[in-house]
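First comes the structure, then the notes that go with it.
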Amino acid sequence: MALEQTLTAWVNTLIESRLDLTGCLDTVAIDGKTMRASKKSGAITMHLLSVVSHELGVTLTQQSVSDKANEIPISTEILKAFDVSGKVITTDALLTQRTFCHAIINRDGDYMFPVKDNQPDLYDDIRKLFQGVADTLSEDATHPLLGDPIYKHETYEKSHGRLETRCVKASTSLNAYLDWPGIAQVTNIVIHARN
């Protein structure tokens, strides 16, 4: 308990000094992890949902997730433990849930979440939008059928003996169509790696 209080005080001091310099902390990740070796026989399994500052690399808050619960209901509760206002929340696809998105927006935050098969309709709509849109786009590219702008950014990185190309395409074409809280744009990320 004393260690946790000391660490919390240190993190709060770090955050306040950062706020003095920048006026805000931009992005935080919310992610769940099972504590290492907590699944060994006889041990109590400990699963934590943590909020981590991307910029500072420190945990802002965390909450245990009981064996009988999962991260989804805890995610909306953990938002009450830190200042969400003005921040962009990232997480994994498990927490890409309408209720969680509403909770973030209601606390004046924003989010950028991956969409996978746990939201099949949303996933399918986004997949169909970018289907047939070439990875090589010009600066003023438009959707081949809709005529709306498609924005693209590519990065190249050589690491661990291979070259990775990341192509991010973004569009606002689905904003009026999708029934999703706070939708501002959708993106498609393609990663190509070669040795």
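The values are calculated or read from the model by the stated rules, or taken from the named source; none is laboratory data. These numbers were taken from a predicted model, which means no experiment stands behind them. Note: areas computed on protein heavy atoms with side chains; ligands, DNA, RNA excluded. Shrake-Rupley method; radii C 1.70, N 1.55, O 1.52, S 1.80 Å.
Using alpha carbons only, the radius of gyration of the range 67-107 set against its Kirkwood radius gives Rg/Rh = 0.95. Over all directions, the projected convex hull of the C-alpha atoms in the range 144-188 averages 4.5 nm² in area. Ligands, DNA and RNA excluded, the heavy atoms of residue 46 present near 80 Å² of accessible surface to a 1.4 Å solvent probe.
In this view, the solvent-accessible surface of residue 65, computed with a 1.4 Å probe and all protein chains in place, comes to about 10 Å². Extension gain for the segment residue 80 to residue 118, taken as residue separation times 0.36 nm less the Cα-Cα distance, is 11.2 nm to one decimal. Using a ≥ b ≥ c from the Cα gyration tensor of the range 90-195 (square roots of the eigenvalues), is it rounded, prolate or oblate, where a/c under 1.5 gives rounded and otherwise the larger of a/b and b/c decides, a/b for prolate? Oblate, since a/c reaches 1.5 and b/c is not below a/b. Sorting 116, 152, 158, 169 by accessible area puts them as 158, 116, 152, 169; the probe is 1.4 Å, largest comes first, and only protein heavy atoms count. To the nearest 10, the accessible area of residue 54 is 100 Å² with a 1.4 Å probe.
Applying a threshold of 21 Å to the alpha-carbon distances of 116/169; 128/169; 33/169 flags 33/169 as lying beyond it. Extension gain for residue 193-residue 141 works out to 16.3 nm (0.36 nm per residue, less the C-alpha to C-alpha distance).
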